[in-house]
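J.: Have a look at this one.
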Ligand code: DAT
């Protein structure tokens, strides 16, 4: 393996706190926050949904997305922030953090973003049914996937500390 820094996926239902954790982690560790939402916008690889209730959601061409980010992943040191995780090649991913949040809190956060009832309910169901946690467990080996809460500010600090410790161990284990 040529990477000197690990790649970390930060995933979970929209609104759980992926961006919040990714930004804090990037500022503390110097790793790069690779926001897939930004990549999709920058490279124009999302098509508008045909659902009339949800025209703002983008359907992403995953092959093109992988082409665009492959070099970054090969290089390492990426905090990959997205609401899906099973498309990233397991050989290039060292840790998957599934962010979780209480449903009442998630309701308030998504309502605050102006989500309509249908989209709101779909996302709350996704969180209750642990869809992203299951997707992560199905796609990656046991030990790669961790579940982290993001409800209060202290949760972010705790997660950052935990991941910093994990990074130190990863570097030791990989002779870096
Ligand atoms: P995501 O990137 O998963 O869509 P986000 O990071 O944008 O989520 O967070 C959604 C909102 O919730 C945003 O207003 C910040 C807030 N939030 C997230 N995690 C939090 C935490 N641990 N403590 C307080 N507020 C938090």
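J.: Are any of the residues in the range 119-139 out of contact with any helix residue (DSSP H, G or I) (no Cβ under 7 Å at 6 or more places or on another chain), at pLDDT below 95 and under 26 Å from residue 47 (Cβ atoms)?
T.: Yes: one or more hits.
Rundown of residues vs (1) away from the ligand (no atom under 16 Å from the Cβ); (2) closer than 22 Å to residue 5 by Cβ, yes/no style:
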| residue | (1), (2) |
| --- | --- |
| 134 | yes, no |
| 149 | no, no |
| 169 | yes, yes |
| 173 | yes, yes |
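J.: Any residue at all in the range 7-22 that is modelled with pLDDT of 95 or more, assigned to a helix (DSSP H, G or I), surrounded by fewer than 22 Cβ atoms within 10 Å (Cβ to Cβ) and within 16 Å of the ligand (Cβ to nearest atom)?
T.: Going through the range 7-22, the residues modelled with pLDDT of 95 or more turn out to be 7-22.
Imposing the further condition that a residue be assigned to a helix (DSSP H, G or I) reduces the set to 18-22.
With surrounded by fewer than 22 Cβ atoms within 10 Å (Cβ to Cβ) added as a condition, the list becomes 19-20.
Okay, now just the ones that are also within 16 Å of the ligand (Cβ to nearest atom), so 19-20.
Looking for residues that are modelled with pLDDT of 95 or more, assigned to a helix (DSSP H, G or I), surrounded by fewer than 22 Cβ atoms within 10 Å (Cβ to Cβ) and within 16 Å of the ligand (Cβ to nearest atom), one finds at least one in the range 7-22, hence yes.
J.: Do any residues in the range 5-21 that are farther than 29 Å from residue 174 by Cα have Cβ atoms under 7 Å from those of residues that are assigned to a loop (DSSP other than H, G, I, E, B) and within 6 Å of the ligand (Cβ to nearest atom), where the two are at least six apart or on different chains, and which pairs are they?
T.: So the pair list comes out as 16/150; 17/150.
J.: For the range 23-35, give me the residue count where each residue is assigned to a helix (DSSP H, G or I) and more than 12 Å from the ligand (Cβ to nearest atom). Before the answer, list the steps.
T.: Step one: filter the range 23-35 for residues assigned to a helix (DSSP H, G or I), giving 23-29.
Next, only the ones that are more than 12 Å from the ligand (Cβ to nearest atom) stay: 26-29.
Final tally of qualifying residues: 4.
J.: A further question follows. Just to be sure I understand the filter: pairs with C-beta atoms under 7 Å, separated by 6 or more residues or on different chains, first member in the range 146-166 and more than 16 Å from residue 31 (Cβ to Cβ), second member more than 9 Å from the ligand (Cβ to nearest atom) and in a helix (DSSP H, G or I). Which pairs pass?
T.: 147/133
The values are calculated or read from the model by the stated rules, or taken from the named source; none is laboratory data. Keep in mind that what you see is a predicted model, and the values were worked out from it rather than measured. All Cβ positions, even for glycine, are placed from backbone atoms using ideal geometry, and neighbour counts span all protein chains on display.
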